[in-house]
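Reviewing the structure listed below.
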Amino acid sequence: MNTIGFLDTLSRDVRYALRTFRTNPSFTAVAFLTLAIGIGANTAIFSVVNGVLIKPLPYPNSEALVGVWHSANFAGKPTTLDLSPSIYFTYQENNRAFEKFGVWTARQTSVTGMGDPEQVDALVVTQGVLPAIGVQPALGRWFSVEDDATGSPETVILTHGYWQRRWSGDRGVVGRTITVDARPHRIIGVMPQDFRFLTSRAQLILPQRFDRTKLPPSFGYLGVARLKPGVSLTQADADVGRMLPIVANGPGQSPRFWESIKFAPALRSLKQDVVGDVGQVLWILMGVIGIVLLIACANVANLLLVRAEGRQQELIIRAALGAGWRRIAWQLLIESMTLGVFGGALGLGFAYAGLRLLVAIGPANLPRLNEITIDPTVLLFTLGTAVLSGLLFGLIPVLKYTGRRVSTLRTDGRGLSQSRERHRSQNALVVMQVALALVLLVASGLMIRSFQAMRNVQPGFTQPERIQTVRISIPPAMVQGNEDAVRMQRDILEKLTAIPGVSSAAFASALPLENEPEFATSSPIGAAGKVAQGELPPIRRLKTVSPGSFKTVGTPLIAGRDFVWADADGSVKVTIVSEQLAKETWGTAAAALGQLIGGQEVVGVVGDVYDDGADRPAVPIVYWPARADARPAVRSFGFALRSSRAGTETFLNEIRQAVWSVNASLPLSRIQTLGELYTQTMARTSFTLVMFGIASSMALVLGIIGIYGVLSYAVSQRNREIGIRLALGAQPTELRSMFLRHGLVLAAIGVAIGLGAAAGLTRLMSSLLVGVSPLDPIAYGAAALVLALAAALASYIPARRVSAVDPMIALRAE
């Protein structure tokens, strides 16, 4: 019965609140719109956070999936290592914690015999990977142990998108044969439509085949495992630690080597592998948009204070008729929470539109972008935010106009001016708005300064928009000998150089910004006399390049000479190093010439290349000449052509014809300009900058509205006082200055508080900043100046109304 009574009272209070909103449509519209903007922005960002960070991975019991990694230390620098084939077999045969386990890599493959040759991304997995993920094929089967065995017939699994694109969804595709890397592969399965392997965009899945009699010693294989029921991540980590001595004492292994690099297990949740370092960015954005909601709540609270001031007579009558302060407080809170819920409903519509925009402008490397939706979790968040917002901005007028104050409310305003005490709450709210707005303006300024610093970085190449890149792979089944493959690469280069408009051309195992492990490999490479006895050399990025590569992309030659084609025969072992590596190892670029590193003589030093993007430090790189005897043999090269025609369709067609004139079965992939690739590396920072800009703009507008509203209300409520002052001889300019000073004082207090808050809060942004201190004086000064000018404008407009007051009308007014 108590519940029924409560619901009946609640229903009547909500209906009464809606009636009061209808009687004041301007107040209702402004409050609804303000809340909708604040709640909608928070809902949109939370949808991204939920889709990327909170939702479990789209695999059965995804909490049991882990990435198998190791920690190691080379030359005093900690690093993370994946797995080698020998480690894979050791873990597969000896583990006690994994229900399913496998390793995988990504690579590009050639598909021929179906029209024009095509280069597609592929996953190469051992037979335990797909069962570990737990996603059954929509057609056919997983790989078996036989599929992993060398010598057995080649097989392949198609992704749903590739199946639809190439076979138009033909269900009879299982059992057919396609040619992959010049070898026939039998199709054994098709994955379901919603299948996505981590962040891979693979279209084909191939079996990983290891010959146990000739296991390569290199790392480069990523491990994934499903834990057995009841096994924790800590227990699995300990189980891997138990197997490390088996690895160290295996055939062909050196226990001293494993001990010297401090090899240890470092398992982690598979979701962490997928999400990477984007989590901190998204949580910072969530906090930024949360500040906007606080400013919106302060604005609505000011509106409610003004509205409550006009309802004093109503509150007095309610108190006189027996309503206690609890009942009045309850009614006011119901009104504010109803306002919040309806504002949240409108904000949900804004969020839906904003989310589509976010997904459209979001960087392509943002993980799980396709999983960002408005789901029940997001709806619950929106409802909770709306109710809590209503409670937050509703408590201020409740505390001001209920309790003991009900009996002391004025019964007649005739002849009275507003007291300072009556404005105190509104002033405090405006100060809070200004302070929060300044924090966001400072944060936005820091992001702008950071973006400028990134744009000013010399990335190690010039005029990237004039550099056309294309990647070509030569499968061993197509061209068996390394000498023949190198000869074909040179023939292709000659054809590309002969294209009209090409000023220079070259090829490399990895062009600038191509930092994927399958292209730019890393190995321990030591300089003669620089590595102590018993120590391991540091890990260096290694690239194989043709003569003319540095000239083509615009990497400056600091000292020595470039490669020449005579270096490719291997008779003299030479190398070129980056400037950073030269300075780290020998002190100066000139001192590096003639030194030995990795057993090869340094003949040149070139400028640093920001291979991981302008927001990351330059990477020390060792360059080898393209040689037929290179180990491991490089069969996939990126070709770079410098031309004013880069990016045009006719130019791309000529490139295709030039390549196919050498071998008509060679597909082209990654066809883009270096400028496009450079823009992609800055996409995440650009996205963050846009979001900060939107948030700070909203905060600035809401802060201006807050100052303007308070001063406008003060002018309207002090008309009688203004009339008396004018009648007694006060000059309009003096009165304007009085109100203008009032607004500027509020803004100054808010700016002072905001500067202190920003100094503390912006330190959380350190990981997002490039070349800028979290206490950058230019960002702080510019933010304070913009806010001060905006506050002056917001204060001046209502202050001008003072001179329009007629003393006689003001004296006769209520």
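Odds and ends about this structure:
- Those residues of the range 488-505 which are open to solvent by 20 Å² or more (accessible area, probe 1.4 Å) and either in contact with a Gly (Cβ under 6 Å, 6 or more places away or on another chain) or part of a helix (DSSP H, G or I) (or both), in sequence order: M488, R490, D491, E494, K495, T497
- Residues that are closer than 26 Å to L57 by Cα and surrounded by 14 or more Cβ atoms within 10 Å (Cβ to Cβ) within the range 173-200 comprise I188, G189, V190, M191, F195, R196, F197, L198, T199, S200, listed in sequence order.
- Residues located in the range 465-487, provided they are surrounded by fewer than 21 Cβ atoms within 10 Å (Cβ to Cβ) and at pLDDT 90 or above: E465, R466
- The number of residues in the range 268-278 that are on the phi < 0 side of the Ramachandran plot and either of a type in the set (K, R) or open to solvent by 20 Å² or more (accessible area, probe 1.4 Å) (or both) comes to 6.
- Failed item, numbered, when A640 is tested on (1) under 32 Å from the mean Cα position of the chain (by Cα); (2) open to solvent by 50 Å² or more (accessible area, probe 1.4 Å): (2)
- Within the set I753, I724, the sole residue that is among the β-branched types (V, I, T) and within 30 Å of I291 (Cβ to Cβ) turns out to be I753.
- Any hit, the range 546-565, residues being at pLDDT below 90 and not β-branched (V, I, T): yes
- Filtered by the rule that a residue be of a type in the set (A, V, I, L, M, F, W, C), open to solvent by 40 Å² or more (accessible area, probe 1.4 Å) and more than 17 Å from I284 (Cβ to Cβ), the range 667-692 gives a lone residue, I671.
- Verdict on E93 being in contact (Cβ under 8 Å) with a residue 12 or more places away in the chain and acidic (D, E): no
- Set side by side, the residues F639, F651 differ, and just one is closer than 18 Å to P464 by Cα and in a helix (DSSP H, G or I), which is F651.
- Some residue of the range 230-250 being open to solvent by 50 Å² or more (accessible area, probe 1.4 Å), in contact (Cβ under 8 Å) with a residue 24 or more places away in the chain and in a loop (DSSP other than H, G, I, E, B): no
- Residues of the range 210-224 classified as hydrophobic (A, V, I, L, M, F, W, C) and at pLDDT 85 or above, total: 3
- Any hit, the range 29-50, residues being in a loop (DSSP other than H, G, I, E, B), open to solvent by 20 Å² or more (accessible area, probe 1.4 Å) and either modelled with pLDDT under 85 or over 22 Å from F350 (Cβ atoms) (or both): no
- Annotation note: of S767, S773, the sole residue that is under 30 Å from T681 (Cα atoms), modelled with pLDDT under 85 and among the polar types (S, T, N, Q) is S767.
- Residues of the range 357-391 classified as of a type in the set (A, V, I, L, M, F, W, C), assigned to a helix (DSSP H, G or I), in contact (Cβ under 8 Å) with a residue 60 or more places away in the chain and in contact with a Leu (Cβ under 8 Å, 6 or more places away or on another chain), total: 1
- Pairs, first over 11 Å from Q108 (Cβ atoms) and of a type in the set (S, T, N, Q) in the range 635-646, second in a loop (DSSP other than H, G, I, E, B) and open to solvent by less than 30 Å² (accessible area, probe 1.4 Å), C-beta under 9 Å, six or more apart: S643/I499
- Criterion: touching a Ser or Thr at 6+ places or on another chain (Cβ under 8 Å), over 30 Å from R656 (Cα atoms) and of a type outside the set (S, T, N, Q) - qualifying residue of V145, V124, V129, V103: V103
- In the range 449-472, the residues that are within 21 Å of I558 (Cα to Cα) and part of a helix (DSSP H, G or I) form Cβ pairs under 7 Å with partners that are open to solvent by less than 60 Å² (accessible area, probe 1.4 Å) and not basic (K, R), at six or more places apart or across chains, as follows: P464/T673; P464/L674; P464/G675; P464/Y678.
- Residues of the range 430-464 that turn out to be among the small types (G, A, S) and surrounded by fewer than 20 Cβ atoms within 10 Å (Cβ to Cβ), as a count: 1
- Of everything in the range 83-105 that is under 34 Å from the mean Cα position of the chain (by Cα) and surrounded by fewer than 18 Cβ atoms within 10 Å (Cβ to Cβ), the residue that is modelled with the highest pLDDT is E99.
- Extreme residue, farthest from the chain's Cα centre (by Cα), among residues of the range 519-548 that are crowded, with 21+ Cβ neighbours inside 10 Å and among the small types (G, A, S): A527
- Listed by position, the helices (runs of 4 or more DSSP H) inside the range 675-762 whose residues that are within 30 Å of the chain's Cα centre (by Cα) and within 17 Å of Q426 (Cβ to Cβ) number at least 2 are 683-717.
- Taking first residues from the range 600-617 that are crowded, with 20+ Cβ neighbours inside 10 Å and partners that are part of a loop (DSSP other than H, G, I, E, B) and hydroxyl-bearing (S, T, Y), the Cβ contacts under 7 Å between residues at least 6 apart in sequence or on separate chains come to V606/T555; V609/T555.
- Within the range 538-623, strands (runs of 3 or more DSSP E) holding 3 or more residues that are within 13 Å of P512 (Cα to Cα): 539-545
- Filter result for A792 (in contact (Cβ under 8 Å) with a residue 12 or more places away in the chain and over 30 Å from the mean Cα position of the chain (by Cα)): yes
- Test: residue in the range 160-172 that is in contact (Cβ under 8 Å) with a residue 12 or more places away in the chain, touching a helix residue (DSSP H, G or I) at 6+ places or on another chain (Cβ under 9 Å), in a strand (DSSP E or B) and surrounded by 15 or more Cβ atoms within 10 Å (Cβ to Cβ): no
The values are calculated or read from the model by the stated rules, or taken from the named source; none is laboratory data. As the structure is a computational prediction, the values presented were derived from the model and not from experiment. Using ideal geometry, Cβ is built from the backbone for each residue, glycine included, and neighbour counts are taken over all protein chains shown. Each accessible area value is taken on the protein alone, full model and side chains, heavy atoms only, with ligands, DNA and RNA left out. Shrake-Rupley method; radii C 1.70, N 1.55, O 1.52, S 1.80 Å.
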